[in-house]
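A.B. asks: Take this structure first; my questions come after.
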Amino acid sequence: MKKLGYMLFAAAVLFTGCSKTDMAEMNMDPSKVTTPDVRYLFTDAIYNILYAETDKESSYTEWMYDNYTYIFPYCQIGGGERGGGTATGSFDSQVRVLKRFVVFYDKVGGPVAKIRNMVATDERLAPYKHLAAMTYPIHIWCGLRATDLTGSMPYSEALGGWYGGTLTPKFDTQKELYTQWDKELKDAIATLSQNTIEGVNQNTLASNVDLIYGGDVTKWIKFCNTLRLKIAVRLINNDPQWASQIAQEVVQDGRIMDSNDDDFYWYGGSKFRHTVGDRPSTATKPFVDMLRNNLDPRLLFYYEKNGYNADVIQQFLDTDAQSDNYVSTGASLQKLPAIWDAAIIETDATGRRIFKGWKTNNNVANPDAGTDPYTGDPGYVDENLPDDPNHRVYFWGEPWVRYQGIPITVNNTLRYANDYYNQYFGSSSLRQIKTRGADGKPTTNNRSFAIASMPSDLLVQPTGNDYWPTADDVRTQYQSAGNYAFRAVLCGAGETNLYMAEFVERGLVSGAAKTAEQYFLDGIEMSVRAMAKAAENSNVFYYTGPSDDTKSTIATETPDGLGVAVGETIDQGIALTEEMITNMFKRPLHQYTGSQSEKLEKIYINLVVDRLLTPTDVFVTCLRGGIPKTGSTIWPRGVIDPEQAYPTPRRWVIYEPESDDINITNRLAAYQEQGFTVGASAGSVLANERYWYDKGNPNWGEGPKL
């Protein structure tokens, strides 16, 4: 595994392909094609942005390790096993296989190098200068993802290896990478802005080979400008003058992503999978509470509801239940999840306890226990969190109530110290009930139901067998493998507008088309609509509403009439509505209020939520924003106990190069120049040795740097 990581680059550059002479001898007769068609090379490059190694594996290692095991725990978004384990992941581990290098140097780098070479050396390919220009943004998008997690890397001398260049290219520093990439994006914009080049009309790109924009040149220019902003935001805390210069040029150009129609919306094939059914990332309580208490619809689209639907809850009550919060599991009583505090349970004349639905802010029993400091909505203080007096719990009812996270802790003693932690980290028996048989009565079989939500299986891995939660022995299948394909906005208008809000708020640009507040509000709405589109297209659970299989099996055959009619739906769908948009903007996370630090914090948090499907961007945003912020009233940083034993890394492990690495001299020189301790895996080292773009950023938990 380790050696493979070092050989990725060498393997890429050794695929030298054809010589320049061969390229110039392109046979245009379709019956005698001996070299690739530049148009379909372009299609191949786009498809390989998220390289699918095999039908079964695709981006498995990147998501399983880079994202779910490291990035999300570092940013306190996820971690641990479903319903158990730690909520922080491995704080001193490393990326297993950086397939982003295979993508950058080979799967995308190979086709784009061929396209540029062919267009530059064969005058018959003059109509494709636009096509060659379009290769730069897709390749640079991949390059940013690579350098964000590794620092210096070969580029300026790297692709020449395809055509007789060096196989031992120098490692460019991040400053050099940003400089060259920004120039290439500006040059690409200049080329794409010309309809005619050397007397040849450039608007000849066949729409059916451009999988993203169908040959719309203006949208490619907007994509280039957003990538320039992505470079600029990485410079804000390190070289604000340079960041301002780039952003000001984008403002003056004026062609930026400002509609969901501009989104770089990528479609994977029907076999594309992120995780092959294995998702180690459980949502954390602070992150989910923040999204739920701010009625952010992106919570509904990105995460799954937990398994506690009406059918399951009623079966808990019907299986030797002793009280609202306890159920018998053999010899002892075990506490059930805290969401039962929000359950409406009544007892009929026969003594049967009936689940009738969920509390809302309108029917909560004790609204005086706590109120929303921003809106006055009723809620209650979570007494289990005495050190967090700003923490409020609100009763939003369905569809929000079943989105839950687990507390952040790596302390095993604390995890099992009391009922509060036990309900999240205790043994699986805490979440088990007897299943029902065909007669509707409990069987001797048990089934566990997770407390915490996880990233939607269907959103990140749309091919697989999925089932509705049910207490029955025979589960009803929701959909089967092969029905849907992965779809996501890899770069979009929501992200762009939030970047612009930051530049305007910081005073780094002038003459922008909108105020910081309007960029902020528009960015959030565009982000929500983009994620809703991805959820709908991936057919995530409940998006089109509950099915017949999720409707209540509770009868109303009791004298007092309590209960829910058979077939009545307590569980609600999650499809985006205009009412959701309206209610979202009543909540503090989506209001442009507070000090400059608080406004910037809200921008960064919304960028994090927007980029959940491109987690490397999440990591960069948390680094440069110092979020989650300690003591925040919106998304407070969780306490890691003991934190001194688990310092959160800011970079990954770098192993000693293999002795047969042909570029070992340049590689070691690059590590030394960056100040990296080769082979160090201790969290204390990884938390202090920073990538170049990260050196001016705030520490974890400090919040935005002003």
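The values are calculated or read from the model by the stated rules, or taken from the named source; none is laboratory data. These numbers were taken from a predicted model, which means no experiment stands behind them. Using ideal geometry, Cβ is built from the backbone for each residue, glycine included, and neighbour counts are taken over all protein chains shown. The area values use the complete protein model at the heavy-atom level, side chains included, leaving out ligands, DNA and RNA. Shrake-Rupley method; radii C 1.70, N 1.55, O 1.52, S 1.80 Å.
A.B. asks: Report the gain in length on full extension from Asn445 to Thr630: 0.36 nm times residue separation, minus Cα-Cα distance, nm rounded to one decimal.
C.D. replies: Here the segment from Asn445 to Thr630 would lengthen by 62.1 nm.
A.B. asks: With a 1.4 Å probe and every protein chain left in place, work out the accessible area per residue of segment 608-706 in Å², rounded to a whole number.
C.D. replies: 38
A.B. asks: Work out, step by step, the length gained on full extension between Gln194 and Lys586: first 0.36 nm times the residue separation, then minus their alpha carbon distance; give nm to one decimal.
C.D. replies: 136.6 nm
A.B. asks: On the protein heavy atoms, probe 1.4 angstrom, tell me the percent of accessible surface of segment 565-683 carried by carbon and sulfur.
C.D. replies: Answer for segment 565-683 is 51 percent, counting heavy atoms of protein chains only.
A.B. asks: Just grab the label-to-label distance for Glu658 and Ser684, each label 7 Å out from Cα along the Cβ direction, in nm (one decimal).
C.D. replies: Calculated label separation equals 3.3 nm.
A.B. asks: Follow-up question, since we're still on this one. Where does each of 652-658, 131-137, 502-508 land if you order them by average Cβ count within 10 Å, highest first?
C.D. replies: 131-137, 502-508, 652-658
A.B. asks: Can you list residues whose amide H is under 5 Å from Thr282's amide H, if they're 5+ apart or on another chain and H is modeled 1.01 Å from N?
C.D. replies: Amide H neighbours of Thr282: Gly79, Gly80.
A.B. asks: Next question. What FRET efficiency comes out for the pair Asp261/Leu211, r = Cβ-Cβ distance, R0 = 22 Å, nearest 0.05?
C.D. replies: For R0 = 22 Å, the calculated efficiency reads 0.90.
A.B. asks: Something else about it: Any idea how far apart Asp341 and Val639 come out in nm if each label point goes 7 Å out from Cα toward Cβ?
C.D. replies: Result: 1.7 nm between the two label points.
A.B. asks: Here's another thing I want to ask about it. How large is ³J(HN,Hα), in whole Hz, for each residue of segment 139-145 in order, when computed from phi with the Karplus curve 6.51 cos²θ - 1.76 cosθ + 1.60 and θ = phi - 60°, using x for Gly and Pro?
C.D. replies: Karplus-based 3J(HN,Hα) across segment 139-145 equals 6, 5, 4, 5, x, 4, 5 Hz.
A.B. asks: For Thr577 and Thr218, compute 0.36 nm times the residue count separating them, minus their Cα-Cα distance, and round to one decimal in nm.
C.D. replies: Here the answer is 126.2 nm.
A.B. asks: What are the ³J(HN,Hα) couplings of segment 662-669, residue after residue, when phi is run through the Karplus curve with 6.51, -1.76, 1.60 and θ = phi - 60°? Round to Hz, x for glycine and proline.
C.D. replies: My calculation for segment 662-669 gives 5, 10, 5, 5, 5, 5, 5, 5 Hz in order.
A.B. asks: Also, quick follow-up: Report the calculated FRET efficiency for Gln180 and Asp473 (r = Cβ-Cβ distance, R0 = 56 Å), to the nearest 0.05.
C.D. replies: Efficiency for this residue pair is about 0.35.
A.B. asks: Longer than 27 Å from Cα to Cα, which of Lys186/Lys602; Lys356/Lys586; Lys99/Lys285; Lys129/Lys183 are they? Say none if no pair is.
C.D. replies: With Cα atoms farther than 27 Å apart: Lys186/Lys602; Lys356/Lys586; Lys99/Lys285.
A.B. asks: Apply 1/(1 + (r/R0)^6) to the Cβ-Cβ distance of Thr166 and Gln518, taking R0 = 60 Å, and write down the FRET efficiency to the nearest 0.05.
C.D. replies: 0.75
A.B. asks: 5 Å is the cut-off here: which amide hydrogens, built 1.01 Å from N in the peptide plane, fall below it relative to Ile354, excluding neighbours closer than 5 in sequence?
C.D. replies: Glu346, Thr347, Asp348
A.B. asks: May I ask you to evaluate 6.51 cos²θ - 1.76 cosθ + 1.60, the Karplus curve with θ = phi - 60°, for each residue of segment 245-252 and list the ³J(HN,Hα) values in order in whole Hz, giving x for glycine and proline?
C.D. replies: Using θ = phi - 60°, the values come out as 4, 5, 5, 5, 5, 5, 4, 5 Hz.
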